[in-house]
2 protein chains.
Amino acid sequence: MNSNLEKTYVVGIDIGGTNTVFGIVDARGTIIASSSIKTAGCPTAEEYADEVCKNLLPLIIANGGVDKIRGIGVGAPNGNYYTGTIEFAPNLPWKGIIPLAAMFEERLGIPTALTNDANAAAIGEMTYGAARGMKDFIMITLGTGVGSGIVINGQMVYGHDGFAGELGHVIARRGGRLCGCGRKGCLETYCSATGVARTARELLAARTEPSLLRNISAESITSKDVYDAAVQGDKLAQEIFETTGTILGESLADAIAFSSPEAIVLFGGLAKSGDYIMKLFRNQSMIMC
Amino acid sequence: MNSNLEKTYVVGIDIGGTNTVFGIVDARGTIIASSSIKTAGCPTAEEYADEVCKNLLPLIIANGGVDKIRGIGVGAPNGNYYTGTIEFAPNLPWKGIIPLAAMFEERLGIPTALTNDANAAAIGEMTYGAARGMKDFIMITLGTGVGSGIVINGQMVYGHDGFAGELGHVIARRGGRLCGCGRKGCLETYCSATGVARTARELLAARTEPSLLRNISAESITSKDVYDAAVQGDKLAQEIFETTGTILGESLADAIAFSSPEAIVLFGGLAKSGDYIMKLFRNQSMIMC
């Protein structure tokens, strides 16, 4: 008998810049129990790992104990699957290289794998979600940043160093906006939530026509504000979404030339701009989550 | 006993717009015999297949006969590995979809696989050449067009329809030069041999400074002329190569963000512009063939 058959559940941990969400999941992908903590509440990675475990352990115990858990899967910004480390993540409070998979293993005694958050999303969609049964697709996460997870021949693409799938950092506009990565014109600077807000501020400053967005102070505008205004028929907000969708569509067309996927799966709030993006594609499926 | 052990050789056929080169190759990659015909000399694909076989068969017979040949591998522009067909190749004289693998199998009774020429080059470099032992690399062929073959996790990337690896058709300049594919600004329109000649014509028309290239009639300038002038110290020709190298470097940097390869292998006459391209990269190897 394989003792793994006794291990009914896995634990998933999703580390975001604001919140860390974790849960216990069964083999069918159903979340049995979940909770969350504030990521930025812990000044050191050690305290953070302690805090996650302190909140996660009661859930594990309530569902049969550590022996029932087959493994832990962690999705994290700048996560490296090969080493189980988070490396120089600009949106997390801990600097340098953090061996987080080892830190969880040490504290809980459960095998732990860690990868980039967009890769984790791609594996999730391939196993339980929109990309079930697909062997060639690209997952795009449109959040604070732009992430991507690429599946080719049914396998995640990690690249030789674990950092493949950085479509947020292809150049959408040569010599364009300065990106946190140090380059100029990265897709992320236009098509993330922060990129949309940046486009809004630029357009409001450059133009004079009325807009619902003028009721909000420029520095506090969010992509949600732009979306709400667009839905209410605000022309400037609609133009911002159209520009965003065009730039995203152009970059995704280049990605299609690369790997010819059967689908691109868009995830995150900005996926609602789908109508603007769809018209740029002909042969590929586009799935909004 | 596996009868394949008796089959000592394979046949390779490289179909180009001008010449078709074919040869008999042993298991160590040594070419035992080879010959070529003019591709464009045959008005129909049937006559072409007859002509290749007529010239290839004597080589096969001189080396032990059809029983000694394990298989035929064909590299062709717009070749589809999944179907063994050439599909709408703009640089070949036969239009539509040509089932060329089946046509060779029928004529010679030897199993035949066909793929895109850049994919075939990538497999060759992985097996016998510059990319031996590599699992993640990108092969770029800089010829009349720009082709690419992508290897990830040790496997060729074909995509869901067999047409992955079309880096010649990522957009290097939005709204730029019209490409044979119908889009504008494709990498191929700048960084192929024809693209270099096009840059030369544009620069000679737009500028007034002296150049060795002014001794050649504009419409007959080739990339070889530009290279020869650059080597002789011609400033305008050097600028053309620098522009070409910059555009290629920018597009390859985006490809690196996609698959994080351990190396990019450049093949073809323009790979000589390597010095201009190298400085745009930091962590990846660049191999010129």
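The values are calculated or read from the model by the stated rules, or taken from the named source; none is laboratory data. What you see is a predicted model, and the numbers here were worked out from it, not measured in a lab. Here Cβ is always computed from backbone atoms with ideal geometry, including for glycine, and neighbour counts include all displayed protein chains. In case anyone asks, the SASA skips ligands and DNA or RNA and just uses the protein heavy atoms, side chains included. Shrake-Rupley method; radii C 1.70, N 1.55, O 1.52, S 1.80 Å.
Quick notes on this structure:
- Among the residues of the stretch A:137-156, those that are touching a Gly at 6+ places or on another chain (Cβ under 6 Å) and within 10 Å of another protein chain (Cβ to nearest Cβ) comprise A:148, A:150.
- Near pairs, Cβ below 8 angstrom, 6+ apart or cross-chain, from the stretch B:38-56 (more than 18 Å from residue B:73 (Cα to Cα)) to any residue that is open to solvent by 80 Å² or more (accessible area, probe 1.4 Å) and outside any helix (DSSP H, G or I): B:38/B:18; B:40/B:18
- Subset of the stretch B:104-121 (residues that are over 21 Å from residue B:27 (Cα atoms), modelled with pLDDT of 95 or more and open to solvent by less than 30 Å² (accessible area, probe 1.4 Å)): B:104
- Filtering the stretch B:102-128 to residues that are over 15 Å from the mean Cα position of the chain (by Cα) and not hydrophobic (A, V, I, L, M, F, W, C) leaves B:105, B:106, B:107, B:109, B:111, B:112, B:127, B:128.
- When residue B:230 is tested against (1) closer than 30 Å to residue A:176 by Cα; (2) not in a loop (DSSP other than H, G, I, E, B), just one condition goes unmet, and that condition is (1).
Residue-by-condition table, conditions (1) assigned by TED's automatic domain parsing to the domain that holds residue A:17; (2) in contact with a helix residue (DSSP H, G or I) (Cβ under 6 Å, 6 or more places away or on another chain); (3) open to solvent by 10 Å² or more (accessible area, probe 1.4 Å); (4) closer than 30 Å to residue B:257 by Cβ:
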site	(1), (2), (3), (4)
A:188	no, yes, yes, yes
A:197	no, yes, no, yes
A:210	no, no, yes, no
A:223	no, yes, yes, yes
A:234	no, yes, yes, no
A:245	no, yes, no, yes
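- Test result for residue A:133, within 13 Å of another protein chain (Cβ to nearest Cβ) and not charged (D, E, K, R): yes
- Top-ranked residue in the stretch B:78-101 [being open to solvent by 20 Å² or more (accessible area, probe 1.4 Å) and closer than 25 Å to residue B:127 by Cα; ranked as nearest to the chain's Cα centre (by Cα)]: B:78
- Test: residue in the stretch A:249-268 that is surrounded by fewer than 21 Cβ atoms within 10 Å (Cβ to Cβ), assigned to a helix (DSSP H, G or I) and more than 14 Å from every other protein chain (Cβ to nearest Cβ): no
- Odd one out for residue A:124, checked against (1) surrounded by 21 or more Cβ atoms within 10 Å (Cβ to Cβ); (2) facing chain B (nearest Cβ under 10 Å); (3) out of contact with any Phe, Trp or Tyr (no Cβ under 7 Å at 6 or more places or on another chain): (2)
- With a requirement of 2 or more residues that are closer than 24 Å to residue B:180 by Cα, the strands (runs of 3 or more DSSP E) lying completely within the stretch B:1-98 that satisfy it span B:9-15, B:19-25, B:69-76, B:85-87.
- Residues being surrounded by fewer than 24 Cβ atoms within 10 Å (Cβ to Cβ) and either in contact with a Pro (Cβ under 7 Å, 6 or more places away or on another chain) or not in a loop (DSSP other than H, G, I, E, B) (or both) - total across the stretch A:127-150: 3
- When residues of the stretch B:235-266 are limited to those that are under 19 Å from residue B:156 (Cβ atoms) and in contact with a Leu (Cβ under 7 Å, 6 or more places away or on another chain), the one modelled with the lowest pLDDT: B:266
- Exactly one residue among B:168, B:159, B:180 is open to solvent by less than 30 Å² (accessible area, probe 1.4 Å), under 20 Å from the mean Cα position of the chain (by Cα) and touching a residue at least 24 places away in the same chain (Cβ under 8 Å), and that residue is B:168.
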